[in-house]
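Contents: one structure, followed by commentary.
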Amino acid sequence: MNGTIFVTGGAGFIGSNFVVHTLTETDLSVVNLDALTYAANPMNLQTVARSPRYTFVQGSIGDRDLVARLLDSHAPVAVVNFAAESHVDRSILAPEAFVDTNVTGTFRLLDEVRQWWSSRCPPAIRASFRFLHVSTDEVYGSLSPHDEAFSESSPYAPNSPYAASKAAADHFVRSFHRTYGVPAITTNCSNNFGPLQHPEKLIPLMILHGVRGKPLPVYGDGLNVRDWLYVADHCRALLRVLADGRLGETYNIGGGAERANVDVVHDICDLLDTMRPRADGRSHRAQIEFVPDRPGHDRRYAVNTARMRDELGWEPRESFASALDKTVRWYLENDAWIEQATRAGYDDWVRANYGLRGRTP
Ligand code: NAD
Ligand code: DAU
């Protein structure tokens, strides 16, 4: 694949890892459209900011004129849509932004892509153009302990406002392929972790609270299970889907690393005990507090990735243990990034988040 890819939401966690990975590992150029919400961190893109193959544009996927102008001026070979409100807890506290960005924003982006692709796209690009929509395993709902992992034919059963908004977007993508022939593919991925993830999410939150001596708030009984994937493995998967994925299909991506939340927190505590021991000699596990559960909390996610493996030859390379070790080290070594990520808004969010559970930090 040669040319320019148009990435949305490329200043957030997965998007910025993907932008850097793409510029490092391929000859593609990247145009990155990002609204720079609280979740974005311009420091994520410091290493590529001066690259002649990289262009950053601040703006929204819901801004039709801007999207149309960017499509016309850059004539991308693909659009990769990461832009979203991504945090389940925030979607419970304030769901409307999730409709605005994840549903209406994705719809407008898709509709501008449809119009450009069907009438203004250069003929040399039209046949190979791809719209890759980055979605989540949460659209499938919740599994019981003995259920089989989600496959691409699992029914949609979203439980949180976040999951519902992503499911709605996925349906629009599917319908634009079926109705208008837009060459679209959707990926549904499990929980990512790694460098550059906002500290509102489980793993970075536990690392930062751990080193700061704060409580480690485990929701409910801590036995909810997630399937963890190192972000670099997700980036490789997306490039494989862009190159060889079948149009109109969906691809499930996951780490094959199911863990109960409390076990993940124990692993983080054990790493911190070695890398940054507490002054009193006790384990960081002493900071764990079980707090009231997330409303509607999905019990278990697990992803069957046979299609990715059999059709596209993709498998995760990182083990959960080695990736968690790298991730904890990265957060311990990047104070300036943490300072930037937890600037205005973060403390308000923490207060509101705890407020949801009737607690104060
Ligand atoms: P994130 O919250 O870290 O980043 C989202 C980015 O989108 C931010 O840079 C933000 O500024 C930008 N954005 C928000 N609204 C926008 C708008 N209207 N226009 C342009 N940009 C906008 O999210 P993430 O964790 O990197 O997730 C990226 C995508 O991957 C999302 O679509 C999410 O649903 C999906 N996903 C995430 C995970 C995960 O574990 N994090 C797993 C599966 C799928
Ligand atoms: O499955 C993919 C999804 O993974 C993505 O689509 C979402 O964008 C991403 O945020 C993530 O959603 P989760 O809700 O699973 O991630 P989060 O890090 O918020 O929580 C992971 C688990 O940990 C979940 O069961 C809730 C629990 N948790 C979370 C936080 C922040 C806690 O117990 N304590 C916490 O403080």
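The values are calculated or read from the model by the stated rules, or taken from the named source; none is laboratory data. These numbers were taken from a predicted model, which means no experiment stands behind them. Note that we place each Cβ from the backbone using ideal geometry, even for glycine, and neighbour counts take in every protein chain shown. We work out accessible area using only protein heavy atoms, side chains counted, and drop any ligands, DNA or RNA first. Shrake-Rupley method; radii C 1.70, N 1.55, O 1.52, S 1.80 Å.
How much length, in nm to one decimal, is gained on full extension between Glu148 and Ala243, taken as 0.36 nm per residue of separation minus their Cα-Cα distance? Kindly include the intermediate steps, with their values, before the conclusion.
On the way: separation 95, 0.36 × 95 = 34.20 nm, distance 2.89 nm.
Additional length available on full extension: 31.3 nm.
Rounded, prolate or oblate: pick one for the stretch 1-93, where a ≥ b ≥ c are the square roots of the eigenvalues of its C-alpha gyration tensor, a/c under 1.5 means rounded, and failing that, prolate if a/b is larger than b/c, else oblate.
Since a/c reaches 1.5 but b/c is at least a/b, the shape of the stretch 1-93 is classed as oblate.
Summarise the accessible area of the stretch 1-78 (1.4 Å probe, protein heavy atoms) by the percent that is carbon and sulfur.
Values: 1580 of 3240 Å².
Its accessible area is 49 percent carbon and sulfur atoms.
Which longest run of the chain has no exposed loop site in it, a site being GluC sites (Glu not before Pro) in a DSSP loop with at most 13 other beta carbons within 10 Å, and the site itself not part of the run?
149-332
Mind checking which lysines have their Cα closer than 17 Å to the Cα of Lys214? Skip sequence neighbours fewer than 8 apart in that chain.
Lys201
Could you report the chain's accessible area per residue, 1.4 Å probe, as an integer in Å²?
Each residue of the chain exposes 41 Å² on average to a 1.4 Å probe.
Can you list the residues, at least 5 places off or on another chain, whose amide H is less than 5 Å from the amide H of Val80, using H built in the peptide plane?
Those lying under 5 Å, H to H, from Val80 are Phe6, Val7, Thr8, Leu132.
Any idea how far apart Gln340 and Ser119 come out in nm if each label point goes 7 Å out from Cα toward Cβ?
Here the modelled spin labels are 4.1 nm apart.
If you stretched the chain out fully between Asp111 and Asp273, how much longer would it get, using 0.36 nm times the residue separation minus the C-alpha to C-alpha distance?
Once the chain is fully extended between Asp111 and Asp273, it gains 53.2 nm.
Using only Cα atoms, find the angle between the long axis of helix 320-332 and the longest principal axis of the chain, and express it within 0 to 90 degrees, rounded to the nearest 10.
Orientation of helix 320-332: about 80 degrees from the principal axis.
How charged is the neighbourhood of Pro145? Take every other residue with its Cβ under 11 Å from the Cβ of Pro145, and add Lys/Arg as +1 and Asp/Glu as -1.
Details: positive: Arg299, Arg300; negative: Asp147, Glu258.
Residues near Pro145 contribute 0 overall.
Tell me, what is the FRET efficiency for Arg50 and Arg299 to the nearest 0.05, using R0 = 56 angstrom and their Cβ-Cβ distance as r?
0.75
Cα convex hull of the stretch 47-188: how many Å³ per residue?
Looking at the stretch 47-188, the number lands at 142 Å³ per residue.
Starting from 0.36 nm per residue, how many nanometres of slack lie between Arg309 and Ser322 once their C-alpha separation is accounted for?
2.5 nm
With Rg and the Kirkwood Rh both taken from Cα atoms, where does Rg over Rh land for the stretch 137-196?
Ratio of gyration radius to Kirkwood radius: 1.03.
Shape call for the stretch 230-305 from the C-alpha gyration tensor, a ≥ b ≥ c root eigenvalues: rounded (a/c under 1.5), prolate (a/b greater than b/c) or oblate?
Oblate shape, in that a/c is at least 1.5 and b/c is the bigger or equal ratio.
Which semi-axes, in whole Å and largest first, does the equivalent ellipsoid of the stretch 72-111 have when worked out from the alpha carbon gyration tensor as the square roots of 5 times its eigenvalues? It would help to have the intermediate numbers written out before the result.
Values: eigenvalues 135, 22, 7 Å².
Those come to 26, 10, 6 Å.
Output the 0 to 90 degree angle, nearest 10, between the alpha-carbon long axis of helix 261-275 and the longest principal axis computed from the alpha carbons of the chain.
70
Give me Rg/Rg_expected for the chain, where Rg uses Cα atoms only and Rg_expected = 2.2 N^0.38 Å with N residues.
Compactness ratio reported: 0.97.
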